[in-house]
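Presented below is the structure to which this report refers.
The values are calculated or read from the model by the stated rules, or taken from the named source; none is laboratory data. Every value quoted in this text rests on a predicted model; they were computed, and no experiment measured them. We place every Cβ from the backbone using ideal geometry, glycine too, and count neighbours over all the protein chains shown.
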Protein chains: 2
Amino acid sequence: MAPLYLLRLQTALASHFDTIHVVTLPDGEAFKTWESLNLIFDALLRHGCDRKTVLFALGGGVVGDMTGFAAASYMRGVPFVQVPTTLLAQVDSSVGGKTAINHPLGKNMIGAFYQPQRVICDLDTLNTLPPRELSAGLAEVIKYGPIADMAFLEWMEAHVAELLARDPATMAYAVRRSCEIKAHVVGQDERESGLRAILNFGHTFGHAIEAGMGYGRWLHGEAVGCGMVMAARLSQRLGLVEDGFVVRLTRLIERVGLPVVAPVLDGADNAGRYLALMRVDKKSEAGEIKFVLIDGSGNALVRGAPDHVVAEVIETSCHA
Amino acid sequence: MAPLYLLRLQTALASHFDTIHVVTLPDGEAFKTWESLNLIFDALLRHGCDRKTVLFALGGGVVGDMTGFAAASYMRGVPFVQVPTTLLAQVDSSVGGKTAINHPLGKNMIGAFYQPQRVICDLDTLNTLPPRELSAGLAEVIKYGPIADMAFLEWMEAHVAELLARDPATMAYAVRRSCEIKAHVVGQDERESGLRAILNFGHTFGHAIEAGMGYGRWLHGEAVGCGMVMAARLSQRLGLVEDGFVVRLTRLIERVGLPVVAPVLDGADNAGRYLALMRVDKKSEAGEIKFVLIDGSGNALVRGAPDHVVAEVIETSCHA
């Protein structure tokens, strides 16, 4: 993002701060590591930055997550501001205070709940987003429908063309409504002791896809899009939702350009591989995988499921 | 600590937890690094530990600081319990929720404010403490006198022999009173926006000594002991306290076996080296070093001081 928006941000901040230092981070989940985080710490210490320093996270979700965790940890906490430049970050990761880096054994395993002072969304940035990233961002927008707001789901179904064309008024509404829903949920459960977990609809399967393929192969939103299809199918198998709703949601996910067929992670024991990856998810408890399931009328619940049912959903989803 | 107390702790916990895993950390400030921290994350993930996992920090301040930061960051926060086995950790670092690791450019630069669920002090552990560590721990006990409680200072002066002999009742009172004072101060300012900084009496000079000599050469408490002499001398130069009080405090620090002559850190520009190291301290603001100074009647204040006065105190303290 640096070449495109750095100058604009620097200009806007120039009158408010004596000194502005720039740290450029490598982008992509594969770089959400301790080594990248340390680039921020090195720069802060080299410049003698104190506790009044404010970190501005200009970029997508990876930059926001890393900058947020750096802000949470540097001198045990300095203020930070999210300036998300991707749809995914604007509608999801920049709001709610989840910050983290990845560990070789799991995604987002090391981090903090740490709220930004504010989140600034410049919708102009979406015009330069590659189509694949636009679609990935729409996965997190779609998510808010089945878990919280069926009217929003219907609105999206009626505006797929405008969303893909990045019509400004349509994008503005999509971003605003997404942030409203997220803020409402997080406001009731900041530290994810219960309700907040519903925001991870599609993420349990999605994280397994990301980890199993190697971070960065599929975009996070792509994995979540496919993961929502799988979670909806699991909800149907458990009798929570009609098959028609699974078809309807799958259709919307496909129309915005997201994958709806899951990747085979292991030719010999594909379902076993998925299950093993999901067992290390942060939401699991004592080895039981927790799934976010939906009821087809705008409500979500978090519960476990028998391994053989999950395995069947995985096989169906990989060979749809 | 593992060989001495691990079995005792495991036995005590066995009836409360299904599974107990042990991670052994290298001890000493030099090992308070990301690499050591990662030993904890690796073990947690390898064993599939979830958010209900409780970390027990059995050991001294280094183990407590690292385990606390690991607990603060693992899956964005799991509960932890401090089980300090050194006097220093019992009277200071285990109480108050400061956790951190070191960065090559500064001590405790990366961490979190994160409170333990509880702190368990087994005074029997003090019997096996090497004399040098006992003295180092007494530095943090002495600290509480000049900043908060002159009666406690007098009590220490009257009980140096019993403290060095580890008389159980005397140690119990020293630990209890230290924790009371620390809890009182932290309770008013958990995130160190003001008052809490007085607990760092002796630490600004002390951190420079530790960083300048290389972590681990002097024990933290030794550096703090000498740092208190320097901070008292600076208070005297600035007209805050009588010279007699500096002599009195120096005498007590020396009697418990701590160094009172500061090390020369750079033969060519010793004061300059000290000042440079102190400028990256977390308490500095916009390059101004903040010192905790005392008034000789149980009160402390935090303020800057002219470089030339600080330099003179450094030179006097290095060649006392």
Exercise. Regarding B:Val91, is this residue closer than 30 Å to B:Tyr144 by Cα and more than 14 Å from chain A (Cβ to nearest Cβ)?
Worked result: yes
For this session: Specify the residue that is nearest to A:Leu301 (Cα to Cα); the eligible residues are those in the range A:168-196 that are touching a Phe, Trp or Tyr at 6+ places or on another chain (Cβ under 6 Å) and at pLDDT 95 or above.
Result: A:Ile181
Exercise. Only one of these conditions is not met by A:Lys107: (1) among the charged types (D, E, K, R); (2) closer than 19 Å to A:Asp189 by Cα; (3) within 14 Å of another protein chain (Cβ to nearest Cβ). Which number is it?
Worked result: (2)
Problem set entry | Output for the range A:26-60, where each listed residue is over 16 Å from A:Phe80 (Cα atoms) and within 22 Å of the chain's Cα centre (by Cα) | A:Pro26, A:Asp27, A:Gly28, A:Glu29, A:Ala30, A:Phe31, A:Lys32, A:Thr33, A:Trp34, A:Glu35, A:Ser36
Seminar exercise, completed: When the range B:183-198 is checked residue by residue, the ones that are closer than 18 Å to B:Pro146 by Cβ and away from every other protein chain (no Cβ under 14 Å) are B:His184, B:Val185, B:Leu195, B:Ile198
Exercise. Restricting attention to the range B:98-114, which residues are touching an Asp or Glu at 6+ places or on another chain (Cβ under 9 Å) and either part of a loop (DSSP other than H, G, I, E, B) or small (Gly, Ala, Ser) (or both)?
Worked result: B:Ala100, B:Pro104, B:Leu105, B:Gly106, B:Gly111
Exercise. Can you find even one residue in the range B:160-182 that is within 30 Å of A:Phe69 (Cβ to Cβ) and in the same structural domain as B:Val224 (by TED's automatic domain parsing)?
Worked result: yes
Seminar exercise, completed: Residues in the range B:115-138 that are among the charged types (D, E, K, R) and part of a helix (DSSP H, G or I) total 3
Problem set entry | Test: residue in the range A:226-248 that is among the small types (Gly, Ala, Ser), crowded, with 17+ Cβ neighbours inside 10 Å and under 23 Å from A:Lys32 (Cβ atoms) | yes
For this session: Quick one: count up the residues across the range A:161-182 that are under 19 Å from A:Asp124 (Cα atoms) and among the β-branched types (Val, Ile, Thr).
Result: 2
Exercise. Under 6 Å by Cβ, and 6 or more places apart or on different chains, what pairs join a residue from the range B:52-79 that is surrounded by fewer than 24 Cβ atoms within 10 Å (Cβ to Cβ) with one that is of a type in the set (D, E, K, R)?
Worked result: B:Met75/A:Lys282; B:Met75/B:Arg51; B:Val78/B:Arg51
Problem set entry | Residue in the range A:7-22 that is in a helix (DSSP H, G or I) and within 11 Å of another protein chain (Cβ to nearest Cβ) present | no
Seminar exercise, completed: If we keep only residues of the range A:14-33 that are under 26 Å from B:Glu192 (Cβ atoms) and out of contact with any Leu (no Cβ under 9 Å at 6 or more places or on another chain), then the residue surrounded by the fewest Cβ atoms within 10 Å (Cβ to Cβ) is A:Asp18
For this session: Give, as residue ranges, the helices (runs of 4 or more DSSP H) completely inside the range A:155-213 that count at least 2 residues that are over 26 Å from A:Ala112 (Cα atoms).
Result: A:160-164, A:168-188
Seminar exercise, completed: Matching residues in the range A:222-237 (closer than 12 Å to A:Asn200 by Cα and in contact with a Leu (Cβ under 8 Å, 6 or more places away or on another chain)) number 3
For this session: Could you please find all residues in the range A:34-86 being more than 8 Å from chain B (Cβ to nearest Cβ), of a type in the set (A, V, I, L, M) and in a loop (DSSP other than H, G, I, E, B)?
Result: A:Val54, A:Val78
Exercise. Before we move on, is B:Gly221 surrounded by 22 or more Cβ atoms within 10 Å (Cβ to Cβ), in contact with a Cys (Cβ under 9 Å, 6 or more places away or on another chain) and of a type outside the set (A, V, I, L, M, F, W, C)?
Worked result: no
Problem set entry | The lone exception for B:Ser297 - which of (1) closer than 29 Å to B:Ala151 by Cα; (2) touching an Asp or Glu at 6+ places or on another chain (Cβ under 6 Å) it fails | (2)
